[in-house]
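Asks: Below is one structure. I have some questions about it.
The values are calculated or read from the model by the stated rules, or taken from the named source; none is laboratory data. As the structure is a computational prediction, the values presented were derived from the model and not from experiment. When we count neighbours, we look across all protein chains shown, and the Cβ atoms used for this are built from the backbone with ideal geometry, even at glycine. Ligands, DNA and RNA are stripped out before the accessible areas are found, and what is left, the full protein with its side chains, is counted by its heavy atoms. Shrake-Rupley method; radii C 1.70, N 1.55, O 1.52, S 1.80 Å.
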Amino acid sequence: MMMRSSKAKFVVYVLGILLLTLGISLTIKSDLGTSPFDAVLVGLSINVGLTVGSWEIIIAFILIGCNSILKRQHPEVLGLLTAFITGIGIDMWLFLLHHLITPELWYSKVVCFGIGLVVIGLGTATYLHTNFAPIPVDRLTLIIQELTRTDIFFSRTFIYLVFLIMAMILNGPIGVGTLLTVCLGGLILNYFMPFTEKVLDRILKHSWTIPHNDKEKNI
C-alpha cells in the first residue's frame, strides 16, 4: 500500500510540475513579462546561451549550494529532482508551443498570459500538495525569513527584488506581466490550494483503498 501511495504521489507531483512549466512557457510566449525568476532564466538564455530549462537546473544547483552554506548543513540534493523535471518541462513546452502559439495582437497576448498565470497557480498547488521535493528558491525564502526574523512577505519580496535587478541587467522579459505575476501569483495559488487539496486527497486516498479491496476480493 505504501509503495502504491508513493507512486500515486509521484505521478501527481510530475503532473503538477508539467502544468507549472506549461504556465511558465505561456507567460514567456505572451511577451508581456514573466516572473522575476523566469525573466532571469530567459535573459541568461538569450545573452549567454543554453536553453531556459538548462538555466533552471543550473540556478537551482547554485541555490542549493547557497542554502547549504546559509544553514550550515548538507545540501538538499532532492531539490535538484524538481529543478531537473522543471527544466525539461519548460524546454519541452517552449518547443511544442513555438509554432502553435504566436500571439501578436495585444488581446491575444493578454489571453495567453492570463491562461499561463492561472495554469502556474494550478500546477504549483498540485505539486506542492504532494510535499515530494523541496524547491531551492522556496527553501531560500524560508532560510532568509529565519535568519532575518521577519515574515514570508519580506523574504519573498527581497528575493523577487534581487532577481528583478538581475533580470533587468540581463535584459530579461520584464513588463506589466512581471508586476501582475508578483501581485496576483500568490492570490491565484491561495485560490487553488483548497481545491487541489480536496481533489488530490480523494485521488491519493483511492490509491490506498484499491489494494485493500483487491485483497478482500481474493479472500
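Asks: List every residue pair whose Cβ atoms sit under 8 Å apart, with the two residues 6 or more apart in sequence or on different chains, where the first one lies in the range 45-63 and is closer than 16 Å to Phe95 by Cβ and the second, anywhere, is among the charged types (D, E, K, R) and crowded, with 17+ Cβ neighbours inside 10 Å.
Replies: Qualifying pairs under 8 Å: Thr51/Asp91; Val52/Asp38; Val52/Asp91; Gly53/Asp91; Ser54/Asp91.
Asks: Are there any pairs, at least 6 apart or on different chains, whose C-beta atoms fall under 7 Å, with the first in the range 109-130 and under 14 Å from Ser35 (Cα atoms) and in contact (Cβ under 8 Å) with a residue 60 or more places away in the chain and the second open to solvent by less than 30 Å² (accessible area, probe 1.4 Å) and acidic (Asp, Glu), and if so, which?
Replies: Every condition considered, no pair remains.
Residue by residue, here is whether (1) open to solvent by less than 80 Å² (accessible area, probe 1.4 Å); (2) assigned to a helix (DSSP H, G or I); (3) in contact with a Lys or Arg (Cβ under 9 Å, 6 or more places away or on another chain); (4) touching a residue at least 60 places away in the same chain (Cβ under 8 Å) holds:
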{"site": "Thr150", "(1), (2), (3), (4)": "yes, no, no, no"}
{"site": "Ser155", "(1), (2), (3), (4)": "yes, yes, no, no"}
{"site": "Phe158", "(1), (2), (3), (4)": "no, yes, no, no"}
{"site": "Phe163", "(1), (2), (3), (4)": "yes, yes, no, yes"}
{"site": "Met166", "(1), (2), (3), (4)": "yes, yes, no, yes"}
{"site": "Asn171", "(1), (2), (3), (4)": "no, no, no, yes"}
{"site": "Ile174", "(1), (2), (3), (4)": "yes, no, no, yes"}
{"site": "Thr181", "(1), (2), (3), (4)": "yes, yes, no, yes"}
{"site": "Leu184", "(1), (2), (3), (4)": "yes, yes, no, yes"}
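Asks: With (1) more than 22 Å from Ile69 (Cβ to Cβ); (2) free of Cβ contacts under 8 Å to residues at least 40 places away in the same chain; (3) in contact with a Lys or Arg (Cβ under 8 Å, 6 or more places away or on another chain); (4) of a type outside the set (Gly, Ala, Ser) as the list, and Thr141 as the residue in question, which single condition is left unmet?
Replies: (1)
Asks: If I go through the range 11-23 residue by residue, how many of them are within 25 Å of Cys183 (Cβ to Cβ) and open to solvent by less than 30 Å² (accessible area, probe 1.4 Å)?
Replies: 5
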